[in-house]
1. With Rg and the Kirkwood Rh both taken from Cα atoms, where does Rg over Rh land for region 4-82?
2. Arranged from highest to lowest average of other beta-carbon atoms within 10 Å per residue, in what order do the peptides 58-64, 3-9, 141-147 appear?
3. If one computes the Cα centroid of region 141-174 and of region 1-71, what distance in Å separates the two points?
4. From the P(r) of region 111-175, could you give the percentage of C-alpha pairs in the tail past 20 Å?
């Protein structure tokens, strides 16, 4: 496995409850540079096994990513059994320490938007920050669904049945 050296390193850190590593430290442990996506995208550090061999390394070693600072090029790992939800895990809110983080004053929002956020807090729990994350996520999902619906309506349905396509393909093979 490509990220086996990181797994072995983390397995050796059993006496620690939390471990903060710089990206340069991880590259030294691995023996190769981290991919560009690791340097600029929070999602690379998520605790998701599917399609992420790098995450499998730290998860199999019993660790989770807990905090990420892309600007400082550092990540914190915590023991998986002691860890709260970590980086982008199970829709956990992620506190981003990057200098390009979005900061929004409540005074910049309309009263309707604030009521919407506060209603979400009342009904779903959490705080205004987690409510904003959830509402933005829902907005993105709704927009994606709307674009998909538009595309389906804009595309002309095929007038040829699948049986006709198979028959046509079979007949052309016989010639």
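1. Ratio of gyration radius to Kirkwood radius for region 4-82: 0.91.
2. Values: 58-64: 21.1, 3-9: 17.3, 141-147: 10.0.
Listed from highest to lowest mean packing, they are 58-64, 3-9, 141-147.
3. Taking the Cα centre of each part, region 141-174 and region 1-71 sit 42 Å apart.
4. 59
Throughout, read-outs are computed from the coordinates displayed, never taken from laboratory work. A quick note: this is a predicted structure, and the numbers were derived from the prediction, not measured. FYI the Cβ positions are ideal-geometry reconstructions off the backbone, even for glycines, and counts take in every protein chain you see.
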